[in-house]
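Okay, handing you the structure first.
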Amino acid sequence: MPVDPEPAVWASRTSVQNRLVDDVLVLGAGVIGLTTAVCLAEAGLTVRIRAAQLPQATTSVVAGAMWGRGPGVLEPADRIDAWIQSTLLDLTALADDPATGVRFARGREATREPTAVRPVPGTRDVRRCTEVDLPDGFVDGYWITVPVVDMPRHLAYLEDRFTAAGGQLEHATISTRDLGTVPVVVNCTGVGARELVPDPAVTPIRGQHVIVTNPGLTEFFVEETDEDSWVSFFPHGDRVVMGGVAVRDSWDLTPDPLGFRDGAARARRLLQQRERALEMLRRLNKEVYMFSYNGEFHALRRRADQKDYTVRLQQFFDHFLKGAPEPDWMEHGIPYIQKQGP
Ligand SMILES: Cc1cc2nc3c(=O)[nH]c(=O)nc-3n(C[C@H](O)[C@H](O)[C@H](O)COP(=O)(O)OP(=O)(O)OC[C@H]3O[C@@H](n4cnc5c(N)ncnc54)[C@H](O)[C@@H]3O)c2cc1C
């Protein structure tokens, strides 16, 4: 008989097996898992992510987030600088596209401690803060321009890129028993690696942020310190991410208003000095306007800003004291999105 069914049977078994077994299983859907999975899927591999928390519920989504060297991140010393620089190259490429959530932003990095902060090599437009740039209690700092990342948007962008490359994302908590026959597993479980591996050397640092409506900020501020409480704020469009705390060895994910009060209060004080004055005057039924100039703090330093402010002040007095027509900005204001860059 010329009939030989064997090859057909084997061909069918092989194709079923290929559909069931991926080339790579990535564990975790934070920024590390998604980035890893995008790179592998776009290189042509069949990739599946399994994650106990989906991207918008991970630790990654709450980060500020600013490129640079995190406080206390010291090891492995010989590799960290190279990672920082290659991350800068990738973020620079992503910053061309607003959909990535990555952009270059200007802000201050400052310290209350007498040891001077030193911007990481690769930081753009570095300028040492003068006294007027530093909030009360701060002794040194720099104006810097660095990549900052709107994390909810960035994770959504990575997830879209991953699925567009054919990747599959599944919601599942995995233990080493569940790994089966997948040829390659990439562990991107963050602090979850402590239990999964298990690796007792992995310990958590609890962070906490408060998110408020953006009153018109464009620059970020971050305190450089190794202490467990610091002040920072990062504007991302219509919201500001304010921090922060860093509590070593705490697994607790419950928001803690008391534990956060120092950092939040300090961030709020920096943010709200202007808004409080504005609000008080409005309550007293005073005619009041707030000017917010990019890159300026207590006093206006740039000549263009000084001239702009002088003209508006003149228009204000001309209108109220001399009956001149009301300029358009007094009636309609200037929308936040029309604010010019520095
Ligand atoms: C308040 C705060 C501010 C920060 N600010 C900055 C900043 O400005 N700049 C900066 O660079 N970094 C910052 N960080 C640090 C940064 O957020 C983290 O280093 C980074 O997000 C870690 O990413 P990850 O993908 O490794 O982990 P995670 O985002 O924690 O993701 C881990 C993933 O693994 C999954 N997982 C865990 N265990 C298992 C399991 N057994 N099975 C399946 N899935 C599992 C989780 O569900 C999750 O999906 C900040 C962190 C915090 C908390």
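The values are calculated or read from the model by the stated rules, or taken from the named source; none is laboratory data. Given the structure is predicted, the values throughout are model-derived calculations rather than measurements. For neighbour counting, all protein chains shown are included, and Cβ atoms are generated from backbone atoms with ideal geometry for every residue, glycine included.
Can you name every residue in the stretch 146-184 that is of a type in the set (Val, Ile, Thr), surrounded by fewer than 18 Cβ atoms within 10 Å (Cβ to Cβ) and either within 11 Å of the ligand (Cβ to nearest atom) or outside the structural domain of residue 53 (by TED's automatic domain parsing) (or both)?
Passing the criteria: 173, 176.
Looking at 183, 121, 152, 114, can you tell me which residue is farther than 30 Å from residue 251 by Cβ and touching a residue at least 60 places away in the same chain (Cβ under 8 Å)?
Result: 183 is the single residue among 183, 121, 152, 114 that is farther than 30 Å from residue 251 by Cβ and touching a residue at least 60 places away in the same chain (Cβ under 8 Å).
Does the stretch 200-218 include one or more residues that are assigned to a strand (DSSP E or B), among the polar types (S, T, N, Q) and within 13 Å of the ligand (Cβ to nearest atom)? Let's see the steps before the verdict.
Of the stretch 200-218, the ones assigned to a strand (DSSP E or B) are 205-207, 210-213.
Subsequent filtering for residues that are among the polar types (S, T, N, Q) retains 213.
Imposing the further condition that a residue be within 13 Å of the ligand (Cβ to nearest atom) reduces the set to none.
No, the stretch 200-218 contains no residue that is assigned to a strand (DSSP E or B), among the polar types (S, T, N, Q) and within 13 Å of the ligand (Cβ to nearest atom).
Does residue 69 qualify as being over 30 Å from residue 137 (Cα atoms), among the basic types (Lys, Arg) and within 13 Å of the ligand (Cβ to nearest atom)?
For residue 69, the condition - over 30 Å from residue 137 (Cα atoms), among the basic types (Lys, Arg) and within 13 Å of the ligand (Cβ to nearest atom) - is not met.
Hey, another quick one. Here is a list of conditions, (1) assigned to a helix (DSSP H, G or I); (2) within 21 Å of the chain's Cα centre (by Cα); (3) at pLDDT 95 or above, and residue 81 meets all of them except one; can you say which number that is?
(3)
Okay, moving on. Can you pull out the residues in the stretch 208-235 that are acidic (Asp, Glu) and in contact with a strand residue (DSSP E or B) (Cβ under 7 Å, 6 or more places away or on another chain)?
Selection gives 219, 223, 224, 228.
Is at least one residue of the stretch 257-280 of a type in the set (Lys, Arg), modelled with pLDDT under 85 and over 21 Å from residue 137 (Cα atoms)?
No: zero hits.
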